[in-house]
C-alpha cells in the first residue's frame, strides 16, 4: 500500500478481506487438530519479523522521537524512485516492513499470510514458499517504481507478497469453495479463482484509471495497484516455472493433491498423502525398500514434497503399487 491513512470504509474493507482469507482455509482437513501435517518453519519467522517491525514502527513514529526520526526511517526504508536514484537499493527489500496504514492493515497482512502460509508452505517446502513471497515483493516493488518513476510517492507494506501467494494458491486450488459472511450478514460462497480474478479486476481498474496518470484512489487511502499486479505476476510465474514438477501429493482431497494438469507426468498415479505414506513401509516386502521409504518420508517432513528427486518419486510409486496389490 502507498501513503495515506485508512478511512473507516477502507478499514472495513480490509477487515473483510482478512476474514475472507481466514474463512477460505478454516474448514480444510489440515486445519483440524486430528490431521498430522508438517509444521511450517519459515511462516512463523515471517509473521514474527513483520509483527516486530510494526511494533518498532509504532515506537519510532511516536511523539517521543519526533518527526526527524520518523522521517529518517521512512526515507531509508520506504521504496521510492528518488531513493533508488540516490542508491538506496535495499529499499526494494525493506519497504514491506513498514505498514503505515495502521492496525487494520497489519491485522490483514498477518491474518492473510498465516492462512495462506499454513496451506502453501507444507505443499512447497520452506525455500519455495519464501521464494514466492520474496519474489512477489521484489517484482511488485520494481513494477511500482517503473510506473511511478515520474509521479513520485512512496511504497510501503507487504501486500504485493500476499498477492503473489494468493495467485499461486488459486492456480493450485482454483475451484475449492469457501464460505464467508459478506458484511457479516449475507452468506457468500467463492472459489480461490474467483477471489484472485476479483482482486485482479480491481487492480487493473485502479491502475488504468488512477495510478498510470498519477492519480490516487478515492476514499482517502493510498493504494498501489501496480505493486499488486507485479506481485500477482510473480505468483503466476512461479506456478508456471514449477508446474512441470511431478509433485505427487495424492489423496482424495485437494487439500493435499495438486491438480492433474500441474504435474509433469500425465500417467504417473497419485501418491498417498503423508499420513497414508507412513503405512507403506509396513506392507513393503523388502527391508531395503522399507528403509528407503522411511528416508524419503523423513525428507518430506523436513523439506516438503517439492524437494523430492525423480528417483525418489519413482520409489514411492513402486511402494504404493506394492501396497495396492496387497
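Tabulated values for the structure
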| quantity | calculated |
| --- | --- |
| Sequence of 71, 203 once ranked by neighbouring C-beta atoms within 10 Å, starting from the fewest | 71, 203 |
| Order by protection proxy (mean Cβ within 10 Å, highest first), peptides 127-133, 229-235 | 229-235, 127-133 |
| Residues 189, 156, 315 arranged by fewest to most Cβ contacts within 10 Å | 189, 315, 156 |
| 99, 239 arranged by Cβ crowding within 10 Å, fewest neighbours leading | 239, 99 |
| Distance between the range 68-131 and the range 134-154 - C-alpha centres, whole angstrom | 13 |
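Read-outs throughout are calculated quantities, based only on the coordinates presented, and are distinct from any laboratory measurement. These numbers were taken from a predicted model, which means no experiment stands behind them. As a convention, Cβ positions derive from the backbone with ideal geometry for all residues, glycine included, and neighbour counts pool all protein chains shown.
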